[in-house]
1. Per residue of the stretch 39-48, in order, report the coupling 6.51 cos²θ - 1.76 cosθ + 1.60 (Karplus, θ = phi - 60°) as ³J(HN,Hα) in whole Hz, putting x for Gly and Pro.
2. Across the stretch 83-100, in residue order, what do the Karplus-derived ³J(HN,Hα) couplings come to in whole Hz, using 6.51 cos²θ - 1.76 cosθ + 1.60 with θ = phi - 60° and x for Gly and Pro?
3. Rounded, prolate or oblate, given the Cα gyration tensor of the stretch 19-99, with a/c below 1.5 counting as rounded?
4. Determine the sum of side-chain charges near Thr54: Lys and Arg each +1, Asp and Glu each -1, restricted to other residues whose C-beta is under 14 angstrom from that of Thr54.
5. Could you identify which residue out of Arg25, Arg81, Arg53 has the top mean-square fluctuation in a GNM of the chain using Cα springs shorter than 10 Å?
6. Compute a Gaussian network model of the chain, connecting alpha carbons closer than 10 Å, and tell me which residue from Glu78, Glu29, Glu15 fluctuates the most.
7. Got a sec to turn the phi values of the stretch 32-38 into Karplus ³J(HN,Hα) couplings, 6.51 cos²θ - 1.76 cosθ + 1.60 with θ = phi - 60°, whole Hz, x for Gly and Pro?
8. Amide H of Leu97: which non-local residues (sequence gap of 5 or more, or other chain) have their own amide H closer than 5 Å, using H built in the peptide plane?
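Every number here is computed from the coordinates shown, using simple stated rules; none is lab data. Since this is a predicted model, take the numbers as computed values, not measurements. In this analysis, Cβ positions are derived from the backbone assuming ideal geometry, glycine residues included, and neighbour counts consider all displayed protein chains.
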Amino acid sequence: MNNNPLPDNKECKQEPGVFTPVIDRNRCEGKADCVSVCPYTVFAVGTLPKEQRTGLTLVGKLKAAAHGWQQALLVNPENCRVCGLCVKACPEHAITLART
Ligand code: SF4
């Protein structure tokens, strides 16, 4: 039985750096499921920087403020290997994967 939480090379769909997660700032509630599931430490939860708040809708701003502006942040986006675990895990359906 393989107890290694990291997907082996056969399960990795891409080399790192080809795709990157995109977080919908109007949806993210900082629940950190992505932090837990990503084998490559792409995410951390932290305070959304002010310069990233300008594109939010009014509802998005109200929701984000209610959560103390805590959202998923991309700390190592270049590590993403497109396993898709974060997309499936996010309860707010806030993550998509886009080609860099
Ligand atoms: S697709 Fe996989 S490797 Fe990429 S950020 Fe999501 S969980 Fe991490």
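1. Each residue of the stretch 39-48 in turn: x, 10, 6, 6, 10, 9, 9, x, 6, 5 Hz.
2. 6, x, 4, 5, 4, 6, 7, 5, x, 9, 6, 9, 10, 10, 10, 10, 5, 6
3. prolate
4. +3
5. Judging by the Gaussian network model, the answer is Arg53.
6. Glu15
7. Karplus values, whole Hz, x for Gly and Pro: 6, 4, 5, 4, 5, 8, 5.
8. When sequence neighbours closer than 5 places are left aside, the close amide H contacts are Val22.
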